[in-house]
1. Counting only residues that are of a type in the set (Asp, Glu) and not in a loop (DSSP other than H, G, I, E, B), which one in the range 269-313 is modelled with the lowest pLDDT?
2. From ASP212, ASP231, ASP217, which residue is touching a residue at least 12 places away in the same chain (Cβ under 8 Å) and not in a helix (DSSP H, G or I)?
3. For residues in the range 353-363 being within 21 Å of the chain's Cα centre (by Cα) and part of a loop (DSSP other than H, G, I, E, B), which is modelled with the highest pLDDT?
4. Could you tell me which residue of the range 239-268 is modelled with the highest pLDDT, considering only residues that are among the hydroxyl-bearing types (Ser, Thr, Tyr) and part of a helix (DSSP H, G or I)?
5. Considering only residues that are of a type in the set (Ser, Thr, Tyr) and assigned to a helix (DSSP H, G or I), which ones fall in the range 314-345?
6. Can you go through ARG506, ARG595, ARG546, ARG551 and tell me which one is assigned to a strand (DSSP E or B) and either free of Cβ contacts under 8 Å to residues at least 40 places away in the same chain or not acidic (Asp, Glu) (or both)?
7. With respect to GLY608, determine if the residue is touching a Gly at 6+ places or on another chain (Cβ under 8 Å) and either farther than 24 Å from ALA440 by Cβ or not assigned by TED's automatic domain parsing to the domain that holds LEU516 (or both).
8. Give just the number: which of (1) more than 24 Å from VAL524 (Cα to Cα); (2) in contact with a His (Cβ under 9 Å, 6 or more places away or on another chain); (3) at pLDDT below 90; (4) of a type in the set (A, V, I, L, M) does LEU445 not satisfy?
Amino acid sequence: MQTPKQRKPLIFGIYGLPGSGKTTLVHDLHLTLGDEHFRFYDGSSILENLVPGGLTAFKSLPDTEKKNWREQAIGIIEYECRQQSKTGIVAGHYMFWDNENDTQGEVAHTQKDMQVYTHIIYLDPPAEELSRRRTADTGRSRPNLSIKHLRKWQLAEKDGLRQDCYENQVLFKIVSGAHDLESLKRTVAAILRGFCSKNEHENFDVIKRYLDTLLADRKKHLETVLILDADRTLTAADSGEMLWKCLGNRRSITQLRNMFGNEEPLNELFKSNTGMSYSFNAFQQAALIHEQILTDDIVETFCNDVGCGITMHPELVQLLNSVAQVNHVQALVVTCGLQRIWERVIARYGLSGYVKVIGNGRTQYDPVIITPDVKAQIVTYLQGDNFKARVVALGDSPVDIPMLKTADEAIIVTGDVNNRSRSMDHCLLEAFENGELLEARQTILPIGAAARLPGRLKEAKIDDEFLSNIIRHRGINIVIAPQDSHAVQLLQTPTRNGQLNGAALRDAHYQVGRYLATEIVTKVIGLEEFNMKHVKKGKEDIIGYRLKNERETLIVPLLRGGEPMSFGVWDAFPLAMFQHAHEATDIKAKHLEGRKTVLLVDSVVNTGKSIDEIIRHIHGLDKSLRIVVIANIVQIQSIQKGGKMLALGKDIKFDLITLRTSETSFVGSKETDTGNRLFNSTHMV
């Protein structure tokens, strides 16, 4: 962990044209904030004391020497702030452009400045007000510049600073308007306090407190959290693009140009070639941009207009409405977009009483910042000891990749080819190469859209089966054959007969497997209809029944002891795939490809250790699979408090079907007593 002197100190540059009030503001801030946590500097004064001959000599130096002295000056500021663990406030200059005949100004800013500053606050009074102040300040000798040139100078500084800040992860805040000195001091002091109090650690602490409060009433019953990204996941639209178009239609293009240049500001911010990318600073900067364009007087109108223009995918609306009916599942929209917009969308669909939204705000004072890494942290927190929830996540773009990697189940929403993220396929392939997201699935939305990476991503349709997977309860579902049934009593008898070995015992186990499959497994999993030919030629096709998803079922006998029973199960479900497993790692990802259900068959479940290992292994390869254990005997302690099977059920949902339970401990080492009896090898024990 870094010590205070090792951490990069917060250093704020106060910028603006000469006459904007930088020096006076820094002096007044010094009086207001004091010296306990801050150090205050005037860049010109530093140079006056540093350069032999002062500013007069400095101005006559060649540009390269001026640059060297400026870099030394900002280096001194950084050193002092680091050594004293204080925040620096510096009045500085970006550009000098006192001659209107020059085609461009002289940039005084250096790369060293961008390495030192963490924030730049730009004072941007109207050019008319700036001209008035410069004229009224008779204590300074300044050239008389036209309002047109002052405006051009301001625009050049803002464009240059914005680009430099974005490339160097420096937060850039513009303070516009004609403030008097007192209101300017209050405004900037509040900005400084806000920035100083917000960091990634504090940000996530706020999010955790929010989640704790949000889920307090559900915590006792909560088992699953369904996390959905918003833009291009819940809908084909992008609320950010819609907002900018809306603003462009309603506000003067000149105003927007003066603020952000020609390009849509968030596109410029999140360009891959900037230093910001999708960092915490980038999303803080996005909040500052929204604060600049979405002023208090228009924010509600524009958020409502954009929210009313968003149409959610009907399949996901139906899913959210269905999930809302159960109290052990919580739906949560986690978006890097504006929370206000998505709260209005959710409310318009009548879901706000159940579906909660966590998103970014429009000002630096909004409580949280959502980034790709924060999305993943939310998943981890929900999975942790506080909630122990299973998390199913839906997302569409590289911003969602960390969340999808961390979730228990990851669903990629494809989106329309013309609108979806072009880099998502590359990100997915990169994850596959790193052994990540191998069990991720994709849902084709909107209907008719092209799949991503055909053959690499399995499809997950948003249907009743998908809903059942979301709302299924965690834990072990134990089904014991009815002990008063005459059929069960007859089936138990030969398996308990110590004189019965070999082929006769194998046949008895076969009969047990077939009975459990036809009588109990079909009730637990369900049946599906299919068309089949009538026995009489010429008759119309008739309806037949088979195990639900029988073609996508895998039967796995465990050790040789489970084989005779598994053949009985296989005869009941002949379309299923069959694969032996001596130990957990015998089951490979290729065996599970295209499967929806795995039936693990064993003659005896004793402590449950072997079953625990293979279920965790299979679940690790594909969390979407339904796992059913079929046994002749289950040792009772394994499914009682403290037992291996009961403990496993707290982590992974599975079904356990058995003909009977027993208090007897059946001890063996791979070659179990039952296995030896089945194959006439008891003499080898």
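1. GLU291
2. ASP231
3. Result: VAL355.
4. Out of the qualifying residues, it is SER239.
5. SER322, the sole residue that qualifies.
6. Among ARG506, ARG595, ARG546, ARG551, only ARG546 is assigned to a strand (DSSP E or B) and either free of Cβ contacts under 8 Å to residues at least 40 places away in the same chain or not acidic (Asp, Glu) (or both).
7. Spelling it out, GLY608 is indeed touching a Gly at 6+ places or on another chain (Cβ under 8 Å) and either farther than 24 Å from ALA440 by Cβ or not assigned by TED's automatic domain parsing to the domain that holds LEU516 (or both).
8. (3)
The values are calculated or read from the model by the stated rules, or taken from the named source; none is laboratory data. If you're wondering where the values come from, they're calculated on a predicted model, not measured in any experiment. Using ideal geometry, Cβ is built from the backbone for each residue, glycine included, and neighbour counts are taken over all protein chains shown.
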